[in-house]
Amino acid sequence: MTVQSPGDQTVTRSVAAVQAKSRRRRYRPRRALLGLAGILTLLAIWEIAARVGLVDPRFLPPPSEVLPRLLEIATIAPFWIAVGDTLVQWGLGLAIALVLASVTGVVIGLSPFLRRATSSTVEFLRPVPSVALIPLAVLLFGVRIEASLLLIVYAAFWQIFIQVLYGVADVDKIAMDTGQSYGFSTWQRIRDIVFPTTLPYLMTGIRLAAAVALILAITAQLIIGTPGLGLEIARAQNAGLYTTMYALVLATGFLGVLINFGARFLERALLSWHHSVRGEIPV
Amino acid sequence: MLHDTPVPIDTVSHGRTLPAEETLLSVRNLKKVYSTDGGDIEAVRDLTFDLGKNELTCLVGPSGSGKTTLLKCIAGLLAPTSGEVVLDGKVVTAPPKKMAVVFQEYGRSLFPWLRVADNVELPLKNAGVPKARRTELVEEALANVGLDHVPRSYPWQLSGGMQQRVAIARAIAYQPEVLLMDEPFAAVDAQTRADLEDLVRKVRKTLGLSVLFVTHDIDESVYLGERVIMLSSSPTVVQEDLVVDLPEERDQLETRSMPRFTELRHHVYEQIQLAKRGFRPDVAATK
Amino acid sequence: MKKAFVTLGFALGLPAILVVLWWIATTVSPSFFVPTPGELIVTFVETWFGPRLWVDILPSIARFGIGVVIAIVAGILLGMLVGLNRDLRAFTEPVFEFFRALPPPVLIPVLLLLFGPTDWMKVFIIVLAAIWPVLLNTIEGVRAADPVQTETSRSYGISGLNRVRYQVLPSAAPQILAGVRQSLPIGLILMVISEMFSSSSGLGFSIIQFQRRFAIPEMWSGILVLGLIGFAVAAVFRYVERRILRWYHGLKELENAA
């Protein structure tokens, strides 16, 4: 079969287009198979390492025991309660951080004075590792979920806040002036000019914050003992139920994968209408 | 595919061939078919021509005539489906040492993390040229393109025309025998373009290079070239191989106002229009 | 001169106001949970500028430094290897995707079980946590190398290790450093909590001890130490990044101005 290149297109360009399309199409099954092979290889290495006895077999149960155990615990209520607790802390913390960071981000971002006045404080507070607050959280809240929330909100806040600042800084001066000259109210300007420009940045911030929030939720459960998957892992370890512990670790990983995919999906879905999907600001 | 009757090769649609001792680069029955899932795309059908020593040849053809494909095959960046490219008696299978390419996208072809002089120096460093000799070659090349005052700048701090000069300096510092240029001035403004055209002619003369200059600009091809090879539309064959019998000293004002220049330009223009309308010498010959 | 004063005023204004407010609040109504600024400073000096500097702070920082450096070097090397090979990329993608998503603190009980509470286990945890952003960003940065740059390299015979050194690595540098920026805080988190979970020394351990003994000013001074370390790490990173990516920031500024 022969394909004629369409009149205006250069050969190079039409070839590149066709090749890109075919690469996407043809490559998919091959890629999926390779990916599957990768997973199987990892499981095989794990299985062999466990069987050969490189380490005490009690401490490293093989996947052929861990995976069935995961299916087993997935049928009982306490597991799902722990998953639920983890998700509640994660979601609530993220939501609080989102509201706080968007509001303060827009207010500070829109005012050059506030931006200058706060920048040194922000630069000092942002790098403070949120786990430094663990003792404070314990002191204030014990093992209640507020302890988790304190850590999650602190960590997630900065991720979103910084992206919102970048986004607001990106707002077109001329668009703002035009809005003003047409008699837009401040609220209208924020809604119709600032928000659409900032949205891609905000989504990046949310995606980064979602991953960090899960890390902090699990950390709080593991270290402080707030209810959730992290606490269950610590308990299984203390009780010497190592197969269960590994199963729970896997479950936590799958939860993380779900959250990552969810955040990426949300970002793409929300920004698909956006004419200028921007590259990520490396923060 | 009614007209897919075999074409008598070697009778039509070939460029000029030269005796071996005058030839630097020969292209023989070059054919390039891209195979894709959506079917094969025949970009170049059958090209044969020779490039003489110390000659400036322009390749001109309508948009979509496979110019870039041809150039990449010659440069050894793309393997031809059949036929061959021979440089100095050796078949080209990979980018040869005696060849340098100047790409159209100067902004992306120069490395933005290297300063001007470092960009020019990099291919020499890679080739293992000693430091002292490198410095010498870089300085010479930059002086040749009139950029000896900005070696410490980054390329992106310079204008488009100056960036393309850096790319040319990088090419000539590499000391090639053949310089391939792929629509190098398509993205610069008219004034800069005229300056760069004269620069290419000057550099070629001082350094005694052979240049193969691909362009879609008819004026440019006649003004620059000693020979103009016109390409048909894709799948490409040679439409015509024309000797430009203008005086060797070219001048933007004088040369362009010569009656002979206008005639040649007119002729090339007609041929390209024919090519655009789909006239093909290979098909015409079989009728 | 005046400009310098204004800049200084902006830099110190808000922190000064916050400290004064804190001082007034804790002086007017003393709280068990919050020390006064003066108390905190005295405690900070007394607590940390003594044997603790050598027993707690420096070993913690050393573990963090070693772990993060290993993570960065290994992440870049592995990322180059995987990023330059399409099949290897497909082969590793789901596995890497899983490890990136796995919250690293859950590895602490696992590694504790396998290797015991040694220094190297703590370093290893930092490596395992901090490597993913660097690794995945390197893969992505290498994969996205500009085709024109790649052709330029090829046409000048720049291939193999030289191509990696002169073209691939520098062109991926902005993305790699974005990965490093994400991995530093994660390394810091793991430094602290690996010590909280199982240790008899280190910053994380001491801070938890203070909290358990209700030594509140000491606990706050520990939080301050961690904050200062975080700040210092961010400052060092910013300095290094500015130096390595001077070309990149210049280029971006120019593009944004256009």
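Just a few scattered comments:
- Dipole of chain C, positive direction: furthest Cα of C:P133, C:L58, C:V148, with charges on the beta-carbon: C:V148
- Mean per-residue shielding of peptide B:113-123 is 3, counting Cβ atoms of other chains within 10 Å of each Cβ.
- Cβ charges +1 (Lys, Arg) and -1 (Asp, Glu), total dipole of segment C:1-134, debye: 380 debye
- Contact order, relative form, for chain C: 24 percent (alpha carbon pairs under 8 Å, 6 or more residues apart, mean separation divided by residue count).
- Accessible-area value, B:H266, 1.4 Å probe, nucleic acids and ligands omitted, Å²: 110 Å²
- Theoretical ellipticity at 222 nm over chain C - DSSP helices of four or more residues, -39500 (n - 2.57) apiece, nearest 500: -27000 deg cm²/dmol
- Two-decimal Rg/Rh across chain C, once Rg and the Kirkwood Rh are taken from alpha-carbon atoms: 1.07
- Sparse packing (at most 10 other Cβ atoms within 10 Å of the Cβ) combined with a DSSP loop state is found for the following GluC sites (Glu not before Pro) in segment B:189-253: B:E248, B:E249.
- Segment C:235-258-segment B:60-76 distance, computed between alpha-carbon centres (Å): 38 Å
- The dipole here belongs to chain B: it is taken about the Cα centre, uses +1 on the Cβ of Lys and Arg and -1 on the Cβ of Asp and Glu, and is about 700 debye.
- Residue with peak Gaussian network fluctuation, chain B [Cα springs, cutoff 10 Å], from B:L70, B:L87, B:L207: B:L207
- Solvent-accessible heavy-atom area per residue, rounded to whole Å², over the protein assembly as shown at 1.4 Å: 46 Å²
- Virtual spin-label span in nm between C:V69 and A:A17, 7 Å along Cα→Cβ: 5.3 nm
- Solvent exposure ordering (accessible area, 1.4 Å, most first) of A:R144, B:R170, B:R134: A:R144, B:R134, B:R170
- Positive-end residue of A:T244, A:V103, A:I45, charge dipole of the protein assembly as shown with Cβ unit charges: A:T244
- For B:A43, net neighbour charge (Lys/Arg +1, Asp/Glu -1) across residues whose Cβ lies under 13 Å away: +3
- Charge-dipole axis of chain B as Lys and Arg at +1 and Asp and Glu at -1 on Cβ define it, positive-most pick from B:A100, B:P155, B:L264: B:P155
- Coordinate range along principal axes, alpha carbons of the protein assembly as shown, Å, largest first: 99, 72, 60
- Between B:R133 and B:A187, full extension at 0.36 nm per residue minus the direct alpha carbon distance yields a gain of 16.1 nm.
- One quarter of the surface of the convex hull around the alpha-carbon atoms of chain A equals 23.4 nm², the direction-averaged projected area.
- A:I81 versus B:W156: modelled label distance in nm, points set 7 Å from Cα along the beta carbon direction: 5.6 nm
- Inverting the pair-averaged 1/r between distinct Cα atoms of chain B gives 19.7 Å as its Kirkwood hydrodynamic radius.
- Peptide C:87-97 shows a mean partner chain C-beta count of 6 within 10 Å per residue C-beta.
- Qualifying trypsin sites (Lys or Arg not before Pro) in segment B:235-278, where qualification requires a DSSP coil assignment and no more than 15 other C-beta atoms within 10 Å, comprise B:R277.
- Based on Cα contacts under 8 Å between residues 6+ apart, chain A shows a relative contact order of 21 percent.
- Under a 5 Å amide H cut-off, with hydrogens placed 1.01 Å from N, A:T226 pairs with A:Q221 among residues at least 5 apart or on other chains.
- Modelled FRET efficiency - R0 41 Å, C:E255 with A:L43, Cβ distances, 0.05 increments: 0.35
- Estimated 222 nm signal from helices in chain A, with DSSP H stretches of n ≥ 4 weighted -39500 (n - 2.57), rounded to 500: -25500 deg cm²/dmol
- What the Cβ-Cβ distance of B:Q273 and A:R51 gives, at R0 = 45 Å and to the nearest 0.05, is a FRET efficiency of 0.05.
- Residue of A:W80, A:W90, A:W187 that the Gaussian network model of chain A assigns the largest fluctuation, springs spanning Cα pairs under 10 Å: A:W187
- Dipole magnitude of the protein assembly as shown about its Cα centre (Cβ charges: Lys, Arg +1; Asp, Glu -1), debye to nearest 20: 1360 debye
- In this structure the amide hydrogen of B:V211, modeled in the peptide plane, comes within under 5 Å of the amide hydrogens of B:E55, B:L56, B:T57, B:L179, none closer than 5 places in sequence on its chain.
- Amide H contacts under 5 Å for B:M258, placed H, 5+ residues apart: none
- Applying both filters, DSSP loop and at most 11 other Cβ atoms within 10 Å, to the chymotrypsin sites (Phe, Trp or Tyr not before Pro) of segment C:158-256 gives C:F214.
- Per atom type, segment C:1-101 shows carbon and sulfur on 80% of its accessible surface, probed at 1.4 Å.
- Computed over chain A with a Gaussian network model linking Cα atoms closer than 10 Å, the most mobile of A:G35, A:G167, A:G228 is A:G35.
- Qualifying lysines (Cα of each under 30 Å from Cα of B:K72; at least 8 residues distant if same chain): A:K21, B:K31, B:K32, B:K53, B:K90, B:K97, B:K98, B:K125, B:K202, B:K205, B:K276
- Calculated from the alpha-carbon coordinates, segment C:1-65 shows an Rg and a Dmax of 17.2, 45 Å respectively.
The values are calculated or read from the model by the stated rules, or taken from the named source; none is laboratory data. Owing to the predicted nature of the structure, the values given are computational and were not obtained by experimental measurement. Counting neighbours? That spans all protein chains shown, and the Cβs are built from the backbone with ideal geometry, glycine included. Surface accessibility is based on the protein's heavy atoms, side chains included, excluding ligands, DNA and RNA. Shrake-Rupley method; radii C 1.70, N 1.55, O 1.52, S 1.80 Å.
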